[in-house]
1. Averaged over every viewing direction, what's the projected area of the C-alpha convex hull for the chain? Give it in nm², one decimal, please.
2. Helix by helix, which DSSP H runs in the chain go 20 Å or more along their axis at the Cα atoms and have an average Kyte-Doolittle hydropathy of 1.0 or more?
3. Run the helix sum for the chain: -39,500 (n - 2.57) per DSSP H stretch of 4+ residues, divided by residue count, reported at 222 nm to the nearest 500 deg cm²/dmol.
Amino acid sequence: MGVATWTTTPAKQFYLVALKPQSSETVLSFNTALMNVGMMFGSALGGQYMDTVNLSWIAGLFVVVALIFIRRSFYLNKMIG
């Protein structure tokens with residue numbers, strides 16, 4: 001799972017830098033910080049509810065939410081650019 005997560009990072013970082021090349025350092029630092037916060041919350045919640053909740057459904061829900069955010073980001077980028 002870690003390999004899958006980190007193999008998408010360069011593509012995501014390239015997309016973020018392409019959006020704001022003049023402030024790429026700030027964008028990438030926020031991206032890294034938020035990615036670490038997300039992993040922290042995911043680990044904490046996953047460990048808390050591993051025995052009582054079916055985590056595959058929750059993970060699937062988060063994938064759908066992520067896809068919605070990605071689609072919205074592409075839409076906003078087309079409107080701006």
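1. Values: hull surface 23.9 nm².
Reported value for the Cα convex hull: 6.0 nm².
2. Details: long enough: 24-49 (37 Å, 0.54); 55-80 (37 Å, 1.50).
Those that clear 20 Å and a mean of 1.0 are 55-80.
3. After summing the helix terms and dividing by the residues of the chain, the value is -28500 deg cm²/dmol.
Where a number appears in this text, it was derived from the coordinates with a stated rule and is not lab data. Every value quoted in this text rests on a predicted model; they were computed, and no experiment measured them.
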